[in-house]
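J.: Got a structure here, written out as structure tokens. Questions coming.
The values are calculated or read from the model by the stated rules, or taken from the named source; none is laboratory data. Please read all numbers here as calculations on a predicted model, not as lab measurements. For neighbour counting, all protein chains shown are included, and Cβ atoms are generated from backbone atoms with ideal geometry for every residue, glycine included. What goes into the accessible areas is simple: the full protein's heavy atoms, side chains included, and nothing from ligands, DNA or RNA. Shrake-Rupley method; radii C 1.70, N 1.55, O 1.52, S 1.80 Å.
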Amino acid sequence: MNPEARRIIQLARQARTPSAEDKRRVRAAVAIGVAAAAVTVPAAAAGASAKVAGAMGVFTGLRGIVAGMVIASTSVGAGAYLWKHASAARGVEAPVVSSAATVAGAVALPPPVSTAEPAPAPVVTPDVRDVRAEAPGRARVAPQDPLAAELTLLHAAKQAWQDGNSQTAFDLAQKHAKLYPHSQLASERDALKVFALCGLGRTNDARDLAQALLSKAPGSPFRASLEQSCALHPSK
Amino acid sequence: MSFDQVYDAHFDFVWRYTLSRGVPLSAIDDVVQEVFIVVHRKLSTFEGRSSVRTWLAMITRRVARDHLRKRGNAPVGEPLGEHEASSAAGPAEALDQKMAASLLDALLARMTEIQREVFVLHEVEQMTGAEIAEALGVNENTIHTRLRAARHIFEVGIARARSAEMRNRPWTP
């Protein structure tokens, strides 16, 4: 093609190229969808789930959980928006802030694109109280899958925090820390604890934890959000 | 290859290709998110027999098609309409980009569906004929034939836009 045609294509391509913010926003939504899928897989499919999760690095999923939570920490509306985008396409309502909390396992995956895919997993909606009462290893969604148990626990903590129950969120995060002290999801858990501490008004504790978290991982994906929280933002 | 590597390397491609499939900007987040959830689920079964982009193009086509069917949107082939220019561009460049995108949309609308597909994947996304043939499930010779026809439509359209500009000056990318 002639140079002018190429230039127009190049300009049009640039016009359609997404921004870094687009990329970050969709990544967070994908992570939430993936994490939700991980905790809705029935026990029979837990092996396959774990295989996929292992191959992909499901830990990014938790990063998404916290990312969604982080957005809500600065704007409830934005958090709801993110959640909506993570779940609405799958026919699931955004979570309602109420005392009748359910864990995010209420989210179901979309039907498979290809006919070769397995049928969608049944929706599971455990109550937060059940999650608190059960050891994660006995979580009803995937008893043999420790990763799913971790996800369930952290998801419950995140949901409690979203529902405004910072104490429950903090307790669940603490429980995770006790059960999985060397978890690869530790940074996600600690970020959640920081936000829960902010919700409890324990600013000094939040600041100490946030600083410890960032000193261990200066490039943490949560840096910006921690800096916006009460822990590191003087006006909050 | 990890999911994050696929996402980082190909997010822009999936986003643009989704738009070119006729998915409105208001739904782009949902559709691209769904594409990558499928990618996440399927990546462990991807054997590398095709390029990653070919594989992503196939997934994106199916997800976009399903989305448009579900929403009852206009079929692929409708002009894409206005989109925001890249946020990295300055005002002047952004304007150029927007006008170029509008012109591209207008000229794509004059093509048949397969011409448009081939043109977008080859000229905009720089995919090879073999990759496109695999993604679309057609013979590679067909791809080259359609590409020639699409290029002709595009270049003639630009020439006409230029000549209109000489007369009325409505368009100056």
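J.: Return only the number of the condition from (1) surrounded by 14 or more Cβ atoms within 10 Å (Cβ to Cβ); (2) at pLDDT below 90 that B:M111 does not satisfy.
T.: Answer for B:M111: the failing condition is (2).
J.: Let me ask you something else. Among the aliphatic types (A, V, I, L, M), within 17 Å of A:E4 (Cβ to Cβ) and assigned to a helix (DSSP H, G or I): does that describe B:A130?
T.: So B:A130 fails the test.
J.: Keeping to the stretch B:15-55, report how many residues are within 21 Å of B:G137 (Cα to Cα), in contact with a helix residue (DSSP H, G or I) (Cβ under 8 Å, 6 or more places away or on another chain) and assigned to a loop (DSSP other than H, G, I, E, B).
T.: 5
J.: Report, ordered by the first and then the second residue, all pairs with beta carbons closer than 8 Å, sequence separation of six or more or different chains, a first member in the stretch B:11-24 that is at the interface with chain A (Cβ under 10 Å from one of its Cβ atoms) and aliphatic (A, V, I, L, M), and a second member that is open to solvent by 10 Å² or more (accessible area, probe 1.4 Å) and part of a loop (DSSP other than H, G, I, E, B).
T.: Here the result reads B:L19/B:L80; B:L19/B:H83, each pair linking the stretch B:11-24 to a residue that is open to solvent by 10 Å² or more (accessible area, probe 1.4 Å) and part of a loop (DSSP other than H, G, I, E, B).
J.: What is the residue count in the stretch B:119-149 for residues that are in contact with a helix residue (DSSP H, G or I) (Cβ under 8 Å, 6 or more places away or on another chain) and among the basic types (K, R)?
T.: So the count comes out to 1.
J.: Closer than 24 Å to B:S102 by Cα and of a type in the set (D, E, K, R) - does that describe any residue in the stretch B:32-46?
T.: No; the residues of the stretch B:32-46 include none that is closer than 24 Å to B:S102 by Cα and of a type in the set (D, E, K, R).
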